[in-house]
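*Asks:* Take a look at the following structure, please.
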Amino acid sequence: MKKFFILAILAALLLTGLACFKEKGSGGPAVEAAAKAEPAPEFSVTTLDGQQLSLASLKGKVILVNFWATWCPPCRAEIPEFIEAYAELKDRGLEILGFSVDDMPEADLKSFVTKAKMNYPVALVGQDIVSAFRPGQYIPTSIFIDRNGRLRYKHVGQLAKKDLVRIFEELEKE
C-alpha cells in the first residue's frame, strides 16, 4: 500500500511537471497571442493619484494592463523591471496600468506604491474590471492592448522586461 501511494505521488508530480512544461514551452515566456484581436473592454479607473484613465483616453498607445497584488511575490518581483521599461518607453507610446486586486484600503496601497517607487499609474480595481478583462485565476497576469484598442497578448506569471519590450516593439510597428 505504501509503495502504491509513493508511485501515485510520483505520477502526479510528473504530470504536473509535464503540464507546466507544455504551457511554457522550452523555457520561454508563457505569452499567448490572441487567436483573433478582439476589442478590449471599455474601462474607466481612478488611479491612486486621482487621475481618470479609460480605454478612450489612452487610444493610440500600446497599453499593458497588469493585474497584481502586494502580497504576491512574482508581482513584486516584476515591479522594478516595469519601472525601467516605463521610464524608457513611455515617450514612445507605452502605457502601463497596474490594476491591484488587493483587499486593502487605498491608503495602504498608495503607501506600498510610494515605497516601491512605482512610476506608472496604479488603481485599486474591483470585480467589475476583473470580470471585464477576464485575466484568469492567477496573478500576475499582463494583458497587452494595441494602439487600436484590441486585445493582443496575455501573459500569466512574472513578465520579464525583455519580453515586455519585445511585445511593445512589435505592437509599436503596427
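Values in this text are rule-based calculations from the coordinates and carry no lab data. None of the values given here were measured: they were computed from a predicted structure. Here the Cβ is made from the backbone with ideal geometry for all residues, glycine too, and neighbour counts use every protein chain on show.
*Asks:* Principal axis extents for segment 34-172, Cα atoms only, whole Å, descending order, please.
*Replies:* The principal-axis extents, from largest down, are 37, 29, 27 Å.
*Asks:* OK, next. Using θ = phi - 60° and the Karplus relation 6.51 cos²θ - 1.76 cosθ + 1.60, list the HN-Hα couplings for segment 125-131 in order, rounded to whole Hz, with x at every Gly or Pro.
*Replies:* Each residue of segment 125-131 in turn: 10, x, 4, 4, 6, 4, 5 Hz.
*Asks:* Between the DSSP loop rule and a limit of at most 10 other Cβ atoms within 10 Å, which trypsin sites (Lys or Arg not before Pro) in segment 133-173 are left?
*Replies:* Loop-located and lightly packed - Lys173.
*Asks:* Relative to the present Cα-Cα distance, how much length would full extension add between Ser131 and Ala107 at 0.36 nm per residue of separation?
*Replies:* Full extension from Ser131 to Ala107 adds 6.2 nm.
*Asks:* Within the P(r) computed for segment 111-174, what percentage of the Cα pairs occupies the region above 16 Å?
*Replies:* For segment 111-174, the share of Cα pairs beyond 16 Å comes to 59 percent.
*Asks:* Turning to a different aspect of this structure: Return the Cα extents of segment 81-126 along principal axes one, two and three, sorted largest first, each rounded to a whole Å.
*Replies:* 33, 22, 13
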